[in-house]
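A short worksheet on the structure shown next.
Please treat every number below as a calculation from the coordinates, not as lab data. In this text, all values refer to a predicted model and were calculated from it rather than measured experimentally. Reconstructed Cβ throughout: ideal geometry from the backbone, glycine too, with neighbour counts over all protein chains shown.
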Amino acid sequence: MARLFARPRVTAVVLALGLAPAAFAQMPDKPSPHLRAAVTDYDAELARQCPAKRLDLLSPADLSHAIETFDGLSAAEQETEQTVMSKACAQTIAGFSCSNMQMLLALHQNHQTPAFAAHVCALPKTCTAQSVCPSAKP
């Protein structure tokens, strides 16, 4: 009987996540004010630097790839953030979402959000809907 009620709830969550911008969609149910500020700052930078590309709609995997290829943090900062991320996300079953949010927070705290947004804007992608961001043809 419980299974009948769980399915509509899961469907509603999936639909809600699919309609929200990528970064906000990946946020936990009750984000800290710091995390909310980091995501707001990131989305504002994308809107300022490359509004027509709508990269706020990147999929969690595409955002994760952008984070992995960003070289704005020193090796020591990256190591510290990996440790923080591992602890913060240890009990989370959320794919890329938790680690993406932790890295956006770290970039915000290290004043790297504008540089990271420029890195994301340089991606050869333009989004047309949530997680629908085909690469531009060369």
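Quick check on packing: order 36-49, 120-133 by the mean number of other C-beta atoms within 10 Å, highest mean leading.
36-49, 120-133
Relative to the present Cα-Cα distance, how much length would full extension add between Ala44 and His111 at 0.36 nm per residue of separation?
Net length gain for the segment: 22.7 nm.
With unit charges on the beta carbons (Lys and Arg positive, Asp and Glu negative) and the dipole taken about the Cα centre of the range 60-138, which residue among Thr80, Gln102, Ala117 sits farthest to the positive side?
Result: Ala117.
Just to check I understand the Karplus step: with θ = phi - 60° and J = 6.51 cos²θ - 1.76 cosθ + 1.60, what whole-Hz values come out for the range 62-69, glycine and proline as x?
Once rounded to whole Hz, the list reads 5, 5, 4, 4, 4, 5, 4, 9.
Considering the Cα positions of the range 30-95, please state its Rg to one decimal place and its Dmax as a whole number of Å.
Taking only Cα atoms of the range 30-95, I get Rg and Dmax of 13.5, 37 Å.
Could you sort 63-70, 101-108 so that the peptide with the highest average Cβ count within 10 Å comes first and the rest follow in order?
Packing order, densest peptide first, comes out as 101-108, 63-70.
Compute the label zone of Val84 within the range 35-59: residues whose backbone N is under 13 Å from the point 7 Å along Cα-to-Cβ.
Residues 35-36, 38-39 fall inside that zone.
Check which residues have an amide H placed less than 5 Å from Lys125's amide H, if you skip close sequence neighbours.
Hits under the 5 Å cutoff: Ala136.
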